[in-house]
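Reviewing the structure listed below.
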Amino acid sequence: MNQINIQYYKTKYAHFILGSFEDKLCLLDFRYRKMRTSVDNRLKKGLDAVFVEQDDEILRQTRKQLDEYFNMTRKEFDIPTITVGTDFQKSVWEALLKVPYGTTSTYLQLAKDIDNEKAVRAVANANGANSLGIIIPCHRIIGTNGELTGYGGGLPLKKRLLKLEQNLFLC
């Protein structure tokens with residue numbers, strides 16, 4: 001049986017669960033989010049693996065790069081990643097990676113970016129299923145009306161992350 005190495009990592013922003021599979025990051029998510037079980041089960045099933053609490057180089061790099069991000073010294077991550085999801089979900093996550101640091105986009109714009117304007121609700125669901133938070137920046141997606149909408153880490157954290165990025169962006 002394959003294994004996903006996991007570690008729990010608490011920062012001043014949130015308590016994360018990190019996971020790596022075959023030298024690639026597959027999980028950077030909020031430890032206590034509502035969808036925790038479904039995200040974990042999708043990864044285990046998709047990679048045919050079990051969770052084992054064990055540290056490794058990818059997880060160490062992830063913690064270091066997360067710290068740099070939160071200390072406003074890193075805008076982009078360069079950790080090898082692997083995603084587990086449908087082709088549609090992966091297309092949404094690819095589009096998310098193109099939303100620049102310090103900016104926001106909307107679910108509607110994301111749907112247009114993947115040439116599927118009518119799929120706004122499905123785009124929002126794919127956004128919520130993202131298992132690589134922060135790195136795949138789902139926190140940068142807001143409602144068309146400019147309001148902050150759902151976030152796995154909670155709306156107060158989403159607001160803090162956007163503020164963090166906009167402060168650095170203005171420097």
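This table checks each residue for (1) farther than 23 Å from Thr62 by Cα; (2) in contact with a Leu (Cβ under 8 Å, 6 or more places away or on another chain); (3) touching a residue at least 24 places away in the same chain (Cβ under 8 Å).
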{"site": "Phe77", "(1), (2), (3)": "no, no, yes"}
{"site": "Thr83", "(1), (2), (3)": "no, yes, yes"}
{"site": "Glu94", "(1), (2), (3)": "no, no, no"}
{"site": "Leu110", "(1), (2), (3)": "yes, yes, yes"}
{"site": "Ile134", "(1), (2), (3)": "no, yes, yes"}
{"site": "Arg140", "(1), (2), (3)": "no, yes, yes"}
{"site": "Gly150", "(1), (2), (3)": "yes, no, yes"}
{"site": "Lys158", "(1), (2), (3)": "no, yes, no"}
{"site": "Asn167", "(1), (2), (3)": "no, no, yes"}
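Here is a yes/no grid of residues against (1) among the acidic types (Asp, Glu); (2) part of a helix (DSSP H, G or I):
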site: Ile4; (1), (2): no, no
site: Gly19; (1), (2): no, no
site: Leu27; (1), (2): no, no
site: Arg33; (1), (2): no, no
site: Asp40; (1), (2): yes, yes
site: Gly46; (1), (2): no, yes
site: Phe51; (1), (2): no, no
site: Gln61; (1), (2): no, yes
site: Tyr101; (1), (2): no, no
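Name the residue that is surrounded by the most Cβ atoms within 10 Å (Cβ to Cβ), counting only residues in region 66-84 that are of a type outside the set (Val, Ile, Thr) and in contact with a Lys or Arg (Cβ under 6 Å, 6 or more places away or on another chain).
Applying the filter and picking the extreme gives Glu68.
What residue, among those in region 142-171 that are open to solvent by less than 40 Å² (accessible area, probe 1.4 Å) and either touching a helix residue (DSSP H, G or I) at 6+ places or on another chain (Cβ under 6 Å) or small (Gly, Ala, Ser) (or both), is modelled with the lowest pLDDT? Working first, answer last.
To start, the set of residues in region 142-171 that are open to solvent by less than 40 Å² (accessible area, probe 1.4 Å) comprises 142-143, 151-154, 157-158, 161-162, 164-165, 168.
Pick out the ones that are also either touching a helix residue (DSSP H, G or I) at 6+ places or on another chain (Cβ under 6 Å) or small (Gly, Ala, Ser) (or both) and you get 143, 151-154, 158, 161.
Numbers: Gly143: 90, Tyr151: 88, Gly152: 85, Gly153: 88, Gly154: 90, Lys158: 94, Leu161: 94.
Per the criteria, the residue is Gly152.
Identify, from the list Ala122, Ala111, Ala49, Ala126, the residue that is touching a helix residue (DSSP H, G or I) at 6+ places or on another chain (Cβ under 8 Å) and farther than 19 Å from Arg140 by Cα. Working first, answer last.
Numbers: Ala122 fails: farther than 19 Å from Arg140 by Cα; Ala111 fails: farther than 19 Å from Arg140 by Cα; Ala126 fails: farther than 19 Å from Arg140 by Cα.
So the residue among Ala122, Ala111, Ala49, Ala126 that is touching a helix residue (DSSP H, G or I) at 6+ places or on another chain (Cβ under 8 Å) and farther than 19 Å from Arg140 by Cα is Ala49.
The values are calculated or read from the model by the stated rules, or taken from the named source; none is laboratory data. Small disclaimer: the values here were computed from a predicted structure and weren't measured. Cβ sites come from the backbone with ideal geometry, for glycine too, and all protein chains shown count toward neighbours. Remember, those area values only see protein heavy atoms, side chains included, never the ligands or the DNA or RNA. Shrake-Rupley method; radii C 1.70, N 1.55, O 1.52, S 1.80 Å.
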